[in-house]
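Have a look at the structure below before the remarks.
Every number here is computed from the coordinates shown, using simple stated rules; none is lab data. Quick caveat: nothing in here was measured; it's all calculated off a predicted structure. FYI the Cβ positions are ideal-geometry reconstructions off the backbone, even for glycines, and counts take in every protein chain you see.
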Amino acid sequence: MIVQNIIFVVALVVVAYFEVGVRVGGGFDAFMEGSGVPYTYALIVLIVHIIIAVAMLFYWGVTIFHGNSNYRKGNLPGHASRTHKVLALKTFLTIVFTSFSGVWVYLLLFVY
């Protein structure tokens, strides 16, 4: 539980730092200048990535909140384990999809 809480907080700090870096670096338009990919295509991929990332933060935050709450109540492991496992699976899948879509955005902006 403690490790998950730490990883979640570190991930939030890293995402915030990255977002500030993107804004300071000129934003999406500045990164698109060096790309050979059509702007509209890259923008659609970025929007899909952001939607997946927001879903990931939502599921992860809900999993952490309910996990901490149910652990303190003595429901984990036990009564709340099934719900926790379902939330954890959704969190894991959205983390994987966020990672893949982030690599896709990176490739479009800096490789192609």
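Just to verify a result, which residue in the range 24-56, among those that are loosely packed, with under 11 Cβ neighbours inside 10 Å and either of a type in the set (D, E, K, R) or touching a Phe, Trp or Tyr at 6+ places or on another chain (Cβ under 9 Å) (or both), is farthest from Val105 (Cα to Cα)?
Gly25
When you look at Tyr41, is it over 25 Å from Ile6 (Cα atoms) and either of a type in the set (Ser, Thr, Tyr) or outside any helix (DSSP H, G or I) (or both), yes or no?
On the way: over 25 Å from Ile6 (Cα atoms): yes; either of a type in the set (Ser, Thr, Tyr) or outside any helix (DSSP H, G or I) (or both): yes.
Considered against the rule, which asks whether it is over 25 Å from Ile6 (Cα atoms) and either of a type in the set (Ser, Thr, Tyr) or outside any helix (DSSP H, G or I) (or both), Tyr41 comes out as yes.
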